[in-house]
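In what follows, a structure is listed as C-alpha cells, so that the remarks can point back to it.
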C-alpha cells in the first residue's frame, strides 16, 4: 500500500514539475514578446465573436451550415502580423471567387450533356486536370512565396463546388453564400488584426535589420577589448549575439513577403522598398561570416603571445571601435530612417586605421620571432581590414534604403 | 486603325512571351525534380477520387454535407513528402477528435443551464478562453515545430461544434460523421502518398546532407587548382556551389521534422537518429563559413604575387586534395550508410600536410619581401589548416550517425 502511495507521489511530483516547467516557458515567451499574449487574446476575441454570429444564425437560418465558413476563415486566416493576415485573407477571398466561378461554370457545362455517366467522367477528369495543374503551379518559387495559400483554396473550392450534386441554381446560391460568409470571417479577422494593437511585419523586419547590424557592432566593440587581454570571459553575451545573424535569412524572407501586403502605416509608405531589406540582410550576413571567423581566433588554442599582439593593439582597436560605431550609427539610422553624417566620419576613420595597420604590418614588427606565432594575429588583422570594406558595403546598402 | 492593330500586335507578342516564359520555367522545374510532376498527378488523382465519392454520396445521402470534409482533408493534408502528409494527417485526425470531444462536452454542459442568455455567454466565454490559450500554445517552439497544424484544427473543431445550435444528439452525430469523413479523406491522401511513387523526407534529408558535404569537397578540390594559377575562370560552378550550404538550415529543419513522422522505409529504421543530421548540418555550415572566407581570397584584388604563392603550393594542394577526398568519401559514406576506412587515411594525410605547411611557414620562406604581400597567402594557409580540423569535426559527426 505504501509502495503504491510512493509511486503515486512520485508521479504527482513529476507532473507538478512538468506543469511548472510549461508555466515557466509560457512566462518566458510572454515576457520575451508581450505582443504574443495580446495576439492570443485578439484571436480568442475574433473567434468568439464570429462563433456567436454562427450560433445566432441557426435561429434565423440566414446562412445555414455555410455560416461555419466564417468561423473557419477566422481561425485559418488570423496570423500574427497584419501582412500575413491580409495576405491570407486576400488570397482566400480571390481564390474562393475564382474557384467558385470556375466550379459553377464546370458544373453547368457538364450538366448539358444530360447523361449521368458522361457527366461523372467529365467531372472527375476536370477535377483531376485542374487540381494537378494547380498543384504543379505551387512549385513556382515566385507564386509559392505569395500565393501558395490561394492556390490551395482555389483547388478546394473548385472541386467542392463542381462535384456537388445539387441543381445548378442551388449551386449558385451555395457559392454565393459561401463567398459572403468567407468575406464576413475574413473581414472580422482583418479588422481585429489591424485595429487592436496591430503587429506590422514591416516594422518587425525593420527592427530585425537594425538589430542585426547592431549585433555585429556590439561584437566588434567587445572583440576589440577581449582580444588584447590575457583572460576574459569569452562567453559573454556581446560576443555570442551575432550567431543569430548567420541564419537570419529564414526569418527575413517571410517577413519581406508579409510586409509587401501591408498598407501604409507609421513611417512606411505603401510602396516601401522592402526588397532592399533583403540586400541589406545579405551583406549583413556576409559580414557575420567574417565575424564568425574572427570569433574562432578568439577561442582558438593556438594564439599569438599577448606581448606580440599588443603591437597591433592600437590600430586594431581603432578599427574595431570605428567600425563598431559606424555599424551602431547605421543601426540607429535604419531605426529612425535617417542618414547620419557621422557614419561617414567613422568609416573614413576606419579606412585610415586600416591603412595604418597595413603600413604597420609592412614595417616588420616582429623581427626575430617564430613566424608561426605571428600568423594568428596577422590573420586577425587582415580579417579586420576586410571587415572595414564589409562595413562600407552595409553602409552603401543602408544608404540606398534611405534615398 | 493601323495604330490600334499595332498596339494589339505588341500586346499579343508580350503575352506570347510571358506564356512561353512560364512554359520554360515549368519545364525547368519539372526537369530539376521530376517527382514534382508525379506529385501533381498524385494530388489530382486523390482529389478526383475523393470528389467522386462526395458526388455519389449525394445520391445515397450517407454523409450529406459532411462528405465535403473528405475533399477538404485531401486538399489540405496532401504534401510533397510522406512525412509531411502523415504529420498533417495525424495532426488533423487527433485534433478533430480532441476538439470534437471537448466541443460536444461543452455544448452539453452549457445546455444544462436551461436559460439561453446564460448559455450564450458561457459558450462565448469558453470559445474565447480555449481559442486564446491554444493560440498562445502555438508560440511554444517545440509544439510549433510538430503540432502547429493540429492546434489550429483543434481550435476550429472546438468552436464549430460547441456553438452549433443543434440538439445534443444531432451534435454527437455530426461530430461522428465529420470525424469519419476526415478519416476517409486523410486515409486516401496518405495511401496515395505512400503507395504511388512515395517521396520520403528522410531520404531527401539524407541526400541533402551528403550533397552539402560533397559541395564543400568539390570546392576545395577546385580551389586547390585555382589558387595557384595566374588566370582561371572564377565563376565556374564548382567554386560557387557551396553558397547554398550557407543557408541550408532553412531547408534542413523542416525536413528533420517531417522525417520524424515517417515509418520505416528503405534503409531507414523507425527510430533513425534524425537529430544527428542537424548536428552534421551545423558543422557542415561552420565549414562552409570558412570556405566562404577562402573564396573571398580567390576573388580579392589584393593578392600575394604568384611566384611567392607557389612556395606554398605543394603543401596547400596536398591539404585541399586530401580534405576534398575525405569530404567526398564522407559524402559517399553518408549516402551508402557505411563507414569507409579510407576517410581516416585521408584525414591523417591532411593532418600531416597541415603540419608540413606549419613547418614550412616557420622556415621564413620569403626573407626579403614586403610583409604586406605575404599576408593574403598566409591567411589562406591558416584557413586551410583550420579547414582540416573542420573536416575532422564533420567526420566525427558522420561517424556518430553510422554507429
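Within segment B:282-314, being in contact with a helix residue (DSSP H, G or I) (Cβ under 7 Å, 6 or more places away or on another chain) and under 24 Å from residue B:396 (Cα atoms) holds for B:283, B:284, B:285, B:286, B:287, B:288, B:289, B:290, B:291, B:292, B:293, B:294. Within segment A:345-368, the set of residues being loosely packed, with under 13 Cβ neighbours inside 10 Å and at pLDDT below 85 comprises A:359, A:363, A:364, A:367, A:368. The condition of being free of Cβ contacts under 8 Å to residues at least 24 places away in the same chain and either surrounded by 21 or more Cβ atoms within 10 Å (Cβ to Cβ) or under 22 Å from residue A:219 (Cα atoms) (or both) holds for only one of A:325, A:342, that being A:342.
If you go through segment B:89-122 and pick out every residue that is closer than 27 Å to residue B:72 by Cα, at pLDDT 85 or above, over 32 Å from the mean Cα position of the chain (by Cα) and within 11 Å of another protein chain (Cβ to nearest Cβ), you end up with 1.
Which one is nearest to residue A:79 (Cα to Cα) among residues in segment B:134-147 that are assigned to a helix (DSSP H, G or I) and at the interface with chain A (Cβ under 7 Å from one of its Cβ atoms)? Full working, then the answer.
Taking segment B:134-147 as the starting set, the residues that turn out to be assigned to a helix (DSSP H, G or I) are B:134-137, B:141-147.
Filter again for at the interface with chain A (Cβ under 7 Å from one of its Cβ atoms), leaving B:135-136.
On the way: B:135: 10, B:136: 12 Å.
My answer is B:135.
Comparison of B:208, B:239 shows that the only residue that is at pLDDT 90 or above and in contact with a helix residue (DSSP H, G or I) (Cβ under 7 Å, 6 or more places away or on another chain) is B:208. Taking the criterion of being more than 18 Å from residue A:102 (Cβ to Cβ) and either surrounded by fewer than 18 Cβ atoms within 10 Å (Cβ to Cβ) or over 33 Å from the mean Cα position of the chain (by Cα) (or both), the only residue of segment A:170-183 that qualifies is A:180.
Would segment A:21-35 turn up any residue that is away from chain B (no Cβ under 14 Å) and in contact (Cβ under 8 Å) with a residue 12 or more places away in the chain? So far as segment A:21-35 goes, no, none of its residues is away from chain B (no Cβ under 14 Å) and in contact (Cβ under 8 Å) with a residue 12 or more places away in the chain.
Determine whether segment B:380-400 contains at least one residue that is on the phi > 0 side of the Ramachandran plot, touching a residue at least 12 places away in the same chain (Cβ under 8 Å) and surrounded by fewer than 18 Cβ atoms within 10 Å (Cβ to Cβ). No, because not a single residue in segment B:380-400 is on the phi > 0 side of the Ramachandran plot, touching a residue at least 12 places away in the same chain (Cβ under 8 Å) and surrounded by fewer than 18 Cβ atoms within 10 Å (Cβ to Cβ). Determine whether segment B:238-253 contains at least one residue that is more than 14 Å from every other protein chain (Cβ to nearest Cβ), over 28 Å from residue B:89 (Cα atoms) and touching a residue at least 24 places away in the same chain (Cβ under 8 Å). The answer is yes, given that some residue of segment B:238-253 is more than 14 Å from every other protein chain (Cβ to nearest Cβ), over 28 Å from residue B:89 (Cα atoms) and touching a residue at least 24 places away in the same chain (Cβ under 8 Å). Among the residues of segment B:52-69, some residue qualifies, meaning at least one is within 19 Å of residue B:155 (Cα to Cα) and crowded, with 16+ Cβ neighbours inside 10 Å. Within segment A:315-336, not a single residue is modelled with pLDDT under 80 and in contact with a helix residue (DSSP H, G or I) (Cβ under 8 Å, 6 or more places away or on another chain).
In this structure, does residue A:152 turn out to be facing chain B (nearest Cβ under 8 Å) and within 24 Å of residue A:50 (Cβ to Cβ)? Taking the combined requirement at face value, the residue satisfies it. Restricting segment B:71-87 to residues that are within 14 Å of chain A (Cβ to nearest Cβ) and surrounded by fewer than 24 Cβ atoms within 10 Å (Cβ to Cβ), the residue that is farthest from residue B:175 (Cα to Cα) is B:80.
Table: residues versus (1) free of Cβ contacts under 8 Å to residues at least 24 places away in the same chain; (2) under 17 Å from residue A:102 (Cβ atoms); (3) within 14 Å of chain B (Cβ to nearest Cβ); (4) in contact with a strand residue (DSSP E or B) (Cβ under 6 Å, 6 or more places away or on another chain).
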{"residue": "A:160", "(1), (2), (3), (4)": "no, yes, yes, no"}
{"residue": "A:163", "(1), (2), (3), (4)": "no, yes, yes, no"}
{"residue": "A:186", "(1), (2), (3), (4)": "no, no, no, no"}
{"residue": "A:195", "(1), (2), (3), (4)": "yes, no, no, no"}
{"residue": "A:198", "(1), (2), (3), (4)": "no, no, no, no"}
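The values are calculated or read from the model by the stated rules, or taken from the named source; none is laboratory data. Keep in mind it's a predicted model, so treat the numbers as computed, not measured. With ideal geometry, Cβ positions are generated from the backbone for all residues, glycine too; neighbour counts draw on all protein chains shown.
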